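The values are calculated or read from the model by the stated rules, or taken from the named source; none is laboratory data. These figures come from a predicted structure and were not determined experimentally. All Cβ positions, even for glycine, are placed from backbone atoms using ideal geometry, and neighbour counts span all protein chains on display. These area figures cover heavy atoms from the full protein model, side chains too; ligands, DNA and RNA do not enter into them. Shrake-Rupley method; radii C 1.70, N 1.55, O 1.52, S 1.80 Å.
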Amino acid sequence: MKKILFACFLVIAMLLGMTGCNTNSNSASSTINQDTLPEELKKAYTLNIAGDELFKKYEETITVGELSELIQTTLSQMYHIGELKVLSEAKAMYNDDVAKRYDMVELLYLAEAERIFGYEKIQELKERYSAPIINERYSLVEKRMDNTYGECSIQYCCIDLSEIDESRFSGLLLPGRAGAHVEFFLKYCDLSTGEKILTLDENQKFNPESSVSIQDALLVMTRYYGSKLPEAVFVLPKEIGIHSIDKALYTGSTTLPDASNQQLPQWKGMLLCHETWTIDGANGCDVDDIVMENDIKTLAECGFNFARVGISFSRLQSANTLTGTIYPQEGTLNLREIEYLDQILSWGMEYGVHIQFVMFEVPGANGDVKKQEVMFDLNDSIFTDEQLQKDVADIWGALARRYKDIPNNYLSFNLMNEPNHPNDQAYVAAYLPSIEAIRKESADRVLVADVHDMDITGEEMAKQGVALSYHLYEPREFCVPNMYLYAKNPSAFDAYDWPYTDKDGKVWDANACLNQSDLLVTPLELKEIAKKNNVGFMIGEWGCFYDGEGGTLFPFAYSNEIRKKFFTDIIHAFEENGIGWSYGSYIGGLGLVTPYPVPDADVTYEKIPNSAHYKVKENYDIFHGLLAE
């Protein structure tokens, strides 16, 4: 009898123990009915990042102790790590204190710093909290001389971000606060929904002193969980296999025009950059530049049928393209990144948008290469480095082999974005290995070469049977306005109009743009060179972008009327001359979308569902109207 009673007590004890363990594991025996949770919290619940007790009181404010546990559990689920000392310290010191929004940022920021670099890095941050920071996810850069951080200019849309640096408040564990910590999480998004990890209020404020509800904390950590990229799988370029895109997407009828090296269609498109460093300066903001489905869908709905997608061959080698880590084995590629290119291509097929992959950055860079000039120098080394020429050719060859059965209606390759070639002969010599590698795998693949330099005509590249592309940013004064000037004097551009009269009195309209150039050849002269050599021609970039940081987020220098006159004149000229084109930037103040609304801008913003972006309604409407003609 005693044995029976002991066994019964043992079973009861085990059941009680299992119930206790379930506070951090939302299993089928949960005490919560998921149907009673707000819809937005159901995903957080299924991710198992917090116990039932936290969900039961989701409307209450969260304490520092609870927040520390939530961050620890989330990162443990994401990366299978043990206890983080920095979170234990915060819990021990401030367990019952109500957490504020900046506390949430600081704890998550420090937890990630410890996870990646170790606890010793936290000690450095405690001693000099504003010096080493995480920028370009998990890469350290120094505070700049002008007391701003990294390359991002989100302070132009988060209107209280600069106040954080000026604040006399200390952090929980750091001696002060840094706007860069907030900025880091404002840039990145949940890849499944497009929602930014941190959100701003209706007045574009972060509100660092506001308390945090449990619901808000759960949503932030859910979005952070969703920002994680797949674990890397490294293979050699020769081991890259055939894509897994559904054949039904590219073997049936299509509205996309035929394309060949001899004749490029009159594409109408935009530039989208996927995980590239060098575009940040032109856009003026280091945004979460992962191309997502709704980017392609937005293009198609506006009437575009072409996307020039910039890719970094260096990031194709990275363990996690947003970490900036050095690739672990020289010459290998991350298969997961290649598979994402498959996804971009399949979205193009689904929505009727031709995808042109263009190399923006050569292989061999690591996460320390953040400045444009450093990356540009590495790109330029291809003209003297034969090994780099081979490495680039290996990757282009792998992509050609992977997509060899995809018709040219859907896919083309642009060898390099705006290479700084010394002369025509050197241009061909540097990229001939790539041309041969591509044609070995896919003989008829459409290849395009940029002619964007003072010293070349494109003639030698055209003789190789490669189509030619011109980047049209004349007149420079109008197409690349200096935003530093605008910041000092917003009325500086009031006298600008289209047609535009430059400082020398020259009048520029679309016809002048096509027939005049600071380069060795004009757009129409390059078109004739292409025709003479029986290859196609297009305008690979044109339009306006801002010269100066914050360009993506700056209010517009030009009125809606001026932009409409400029876009209309140029596009009509392209139509009259039978030229396909790609506008210079999908994202940015003069593009189709922007990462955040700009306070007090004289435009209308519309959040795009399941996207990291807001539609710039006036620009969208101008392009949509022109493309519908």
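Which members of region 428-446 meet the condition of being open to solvent by 10 Å² or more (accessible area, probe 1.4 Å) and β-branched (V, I, T)?
Listed by number, the list holds a single entry, V428.
Can you tell me which residue among A462, A449, A467 is touching a Gly at 6+ places or on another chain (Cβ under 6 Å), crowded, with 23+ Cβ neighbours inside 10 Å and modelled with pLDDT of 90 or more?
That would be A467, the only listed residue that is touching a Gly at 6+ places or on another chain (Cβ under 6 Å), crowded, with 23+ Cβ neighbours inside 10 Å and modelled with pLDDT of 90 or more.
In region 287-316, which residue that is in a helix (DSSP H, G or I) and under 21 Å from D258 (Cβ atoms) is most open to solvent (accessible area, probe 1.4 Å)?
By that ranking, first place goes to A300.
Could you grab me the full set of residues in region 176-207 that are in contact with a helix residue (DSSP H, G or I) (Cβ under 7 Å, 6 or more places away or on another chain) and farther than 27 Å from K615 by Cα?
Correct list: R177, A178.
For region 351-366, enumerate the residues that are at negative phi and either in contact with a strand residue (DSSP E or B) (Cβ under 7 Å, 6 or more places away or on another chain) or open to solvent by 10 Å² or more (accessible area, probe 1.4 Å) (or both).
Correct list: Y351, V353, H354, I355, Q356, F357, V358, M359, F360, E361, N366.
Name the residues in region 613-629 that are among the charged types (D, E, K, R) and in a loop (DSSP other than H, G, I, E, B), would you?
E629
For G303, all conditions in the list (1) on the phi > 0 side of the Ramachandran plot; (2) in contact with a Gly (Cβ under 6 Å, 6 or more places away or on another chain); (3) at pLDDT 95 or above hold save one; what is the number of the exception?
Tallying (1) on the phi > 0 side of the Ramachandran plot; (2) in contact with a Gly (Cβ under 6 Å, 6 or more places away or on another chain); (3) at pLDDT 95 or above, G303 fails exactly one: (2).
Restricting the search to region 407-427, which residues are among the hydrophobic types (A, V, I, L, M, F, W, C) and either in contact with a Ser or Thr (Cβ under 6 Å, 6 or more places away or on another chain) or buried (at least 20 other Cβ atoms within 10 Å of the Cβ) (or both)?
Selection gives L411, F413, L415, M416.
Name the helices (runs of 4 or more DSSP H) wholly inside region 51-105 in which the number of residues that are at pLDDT 95 or above and closer than 13 Å to V212 by Cβ is 3 or more.
Filter on region 51-105 gives 64-79.
Could you tell me whether any residue of region 416-427 is assigned by the TED database to the domain that holds L468 and within 23 Å of L236 (Cβ to Cβ)?
Yes, region 416-427 contains a residue that is assigned by the TED database to the domain that holds L468 and within 23 Å of L236 (Cβ to Cβ).
Can you pull out every residue in region 604-619 that is open to solvent by 20 Å² or more (accessible area, probe 1.4 Å) and more than 20 Å from the chain's Cα centre (by Cα)?
Within region 604-619, T604, K617, E618 meet the criteria.
Across region 445-494, what is the total count of residues that are outside any strand (DSSP E or B), of a type in the set (A, V, I, L, M, F, W, C) and in contact with a Pro (Cβ under 7 Å, 6 or more places away or on another chain)?
Matching residues across region 445-494 total 1.
Any idea how many residues of region 238-250 are outside any loop (DSSP other than H, G, I, E, B) and surrounded by 11 or more Cβ atoms within 10 Å (Cβ to Cβ)?
Count: 3.
Any idea which residue in region 574-596 is nearest to C157 (Cα to Cα), counting only those that are in contact with a Ser or Thr (Cβ under 9 Å, 6 or more places away or on another chain), of a type outside the set (A, V, I, L, M) and not in a strand (DSSP E or B)?
Across region 574-596, the extreme among qualifying residues is Y596.
Got a number for residues in region 495-507 being at pLDDT 80 or above and open to solvent by 70 Å² or more (accessible area, probe 1.4 Å)?
6
For residues that are in contact with a Pro (Cβ under 6 Å, 6 or more places away or on another chain) and in a loop (DSSP other than H, G, I, E, B), tally how many sit in region 597-612.
2
Can you name the helices (runs of 4 or more DSSP H) wholly within region 110-225 that have at least 2 residues being at pLDDT 75 or above and touching a strand residue (DSSP E or B) at 6+ places or on another chain (Cβ under 8 Å)?
179-187
Identify all residues within region 82-111 that are in contact with a His (Cβ under 9 Å, 6 or more places away or on another chain) and either outside the structural domain of I71 (by the TED database) or open to solvent by 60 Å² or more (accessible area, probe 1.4 Å) (or both); write none if there are none.
Within region 82-111, none qualify.
Mind checking which pairs have a first residue in region 218-242 that is over 30 Å from T46 (Cβ atoms) and a second that is surrounded by fewer than 13 Cβ atoms within 10 Å (Cβ to Cβ), Cβ under 7 Å, 6 or more apart or different chains?
F234/P328; F234/Q329
Identify all residues within region 511-532 that are surrounded by fewer than 14 Cβ atoms within 10 Å (Cβ to Cβ), of a type in the set (D, E) and at pLDDT 95 or above; write none if there are none.
E528
Just to be sure before I move on: is Y620 in contact with a Phe, Trp or Tyr (Cβ under 9 Å, 6 or more places away or on another chain) and of a type outside the set (G, A, S) in the structure I sent?
When the stated conditions are applied, Y620 does not pass them.
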